[in-house]
Structure formats: structure tokens, C-alpha cells
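The values are calculated or read from the model by the stated rules, or taken from the named source; none is laboratory data. This structure is a prediction, so every number in the text was calculated from the model and none was measured. Backbone-built Cβ (ideal geometry, glycine too); neighbour counts: all protein chains shown.
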Amino acid sequence: ALWNEHFYGDAAYDAVMANFKDRYFNEDANKRFSIYDPEDVWSNTTYRKGAWVLHMLRRVVGDTKFFEILPEYYDRYKFTHAITPEFRQVCEEIYGQPLDWFFQEWIYKAGYPEFTVYSVDHEGDIHLFIEQTQDNAPIFKMPAEFQLDSGAGGSTRHSMTVETGLDHIAIPGNSQTDTVVFDPDSSILSTITYGTNPPAIPRCTI
């Protein structure tokens, strides 16, 4: 994927990752297991989901730190053996923040998030609900973006963290929004469905 990105651009990179996602989903539908404890070492879970884990790690830590992590990991462990905690340690040293939560959900546990997204225009604000509906998988914590597109042709990006199974964010003054796009850059290995029966908007209390 990185080779295609370097030589042919973002669209070529995205096409490779989309292919990897499809191959992993097809396998996972029949047998689900973690990268850490694979039923088949040469599986799409090991390799294609593994590529997606690195893709997501890149989005979490940012390009600059991601491309510092890779050569540092290589230089530190070349001609020796290395295991997952040692890779995580390198990532955390360079990123400067704990990443155990990321490795726990994507490496040591199986599955992926299945998001149902609801948007509600309420009193001039847009309320966005992100529900995780997956079975036989953990509730995932991930930084996420969503894009609001208006009929006038403008768009805005907003950030949030999904982590509870049902997350809510309100964006004031966006009543002219026509379309809500969750994870517009495909930064999370997931399925996304747009629902029509949203949860109740939380009431403010003093």
C-alpha cells in the first residue's frame, strides 16, 4: 500500500487498503480470531487486517511520528527477534503517549467495530450519535472524524473519540447541514450504516 501511495498517489493507496478490507471481512465472516492468536498464520486476518492496524496506527500518531517509528524499530531490532510489546514500546517512545489501548483492541482481541450513525437537526444544532453494534468483539476506542456538507457547497470537519458503544456529539449552528459523512478518510477498519431512528437527545441538567 505504501509503495502504491509513493508512486501513484492517494487513490492507489486507498484502492489497496479497500481490497485488504474486503479480503479480511470475507474471512472474518467465516472464522473470527485475533492477530495475536491466529488460527491460520498465513490468513487475511494476520496480513490484511495487520496492514490495516498499521494504517490506523499511522492515523493515530500522525505521518511524521509513524515514519520515525518504522526505521527506529528496524534499527533497534535488526538481526534479532522482536515481539509485539517491543514494537509498542518504540511506538510509545516516539509518539509520547500510551498506546496500550490501541494494541489491546486491535492486536490481542478479534473483530472490528460496526458503526450505526444517526444525525439529528435539533434547534439549529446537529447532534451525531455513533453506536457500535458488533457481536463477539470489544467496544472499540478510536479517534474519529466526521464531515458536515451543506447545500451551499461548503463542508466542515470535526473530531471526536468513540469509546462507549453509544457516543454523542453536538455541533452548534449547523442546521443547514445536508449530509453527514462519518470517517470520510476511511481511517478505521469498520462497517458504517446510517440509521433513521436515532436515540433521544440527552437533556441538559444543572
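In segment 153-170 there is no residue that is over 21 Å from MET17 (Cβ atoms), buried (at least 19 other Cβ atoms within 10 Å of the Cβ) and either in contact with a strand residue (DSSP E or B) (Cβ under 9 Å, 6 or more places away or on another chain) or free of Cβ contacts under 8 Å to residues at least 60 places away in the same chain (or both). For the residues PRO138, PRO172, PRO113, the requirement of being out of contact with any Lys or Arg (no Cβ under 6 Å at 6 or more places or on another chain), closer than 18 Å to LEU57 by Cβ and of a type outside the set (Val, Ile, Thr) singles out PRO113.
Condition check ((1) closer than 25 Å to ALA110 by Cβ; (2) surrounded by 14 or more Cβ atoms within 10 Å (Cβ to Cβ)) across all residues:
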{"site": "TRP3", "(1), (2)": "no, no"}
{"site": "GLU39", "(1), (2)": "yes, no"}
{"site": "TRP42", "(1), (2)": "yes, no"}
{"site": "THR46", "(1), (2)": "yes, yes"}
{"site": "MET56", "(1), (2)": "yes, yes"}
{"site": "ARG59", "(1), (2)": "yes, yes"}
{"site": "PHE66", "(1), (2)": "yes, yes"}
{"site": "ILE83", "(1), (2)": "yes, no"}
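Only a single item in (1) at pLDDT below 95; (2) part of a strand (DSSP E or B); (3) under 30 Å from ALA15 (Cβ atoms) is not met by ALA170, and it is number (3).
With respect to PHE103, determine if the residue is touching a residue at least 12 places away in the same chain (Cβ under 8 Å) and either β-branched (Val, Ile, Thr) or closer than 24 Å to HIS158 by Cα (or both).
Details: touching a residue at least 12 places away in the same chain (Cβ under 8 Å): yes; either β-branched (Val, Ile, Thr) or closer than 24 Å to HIS158 by Cα (or both): no.
So PHE103 fails the test.
Scanning segment 89-107 for residues that are crowded, with 16+ Cβ neighbours inside 10 Å and acidic (Asp, Glu) turns up GLU92, GLU105.
Taking segment 101-138 as the range and being of a type in the set (Ser, Thr, Tyr) and over 16 Å from HIS168 (Cα atoms) as the test, the residues that pass are TYR108, TYR112.
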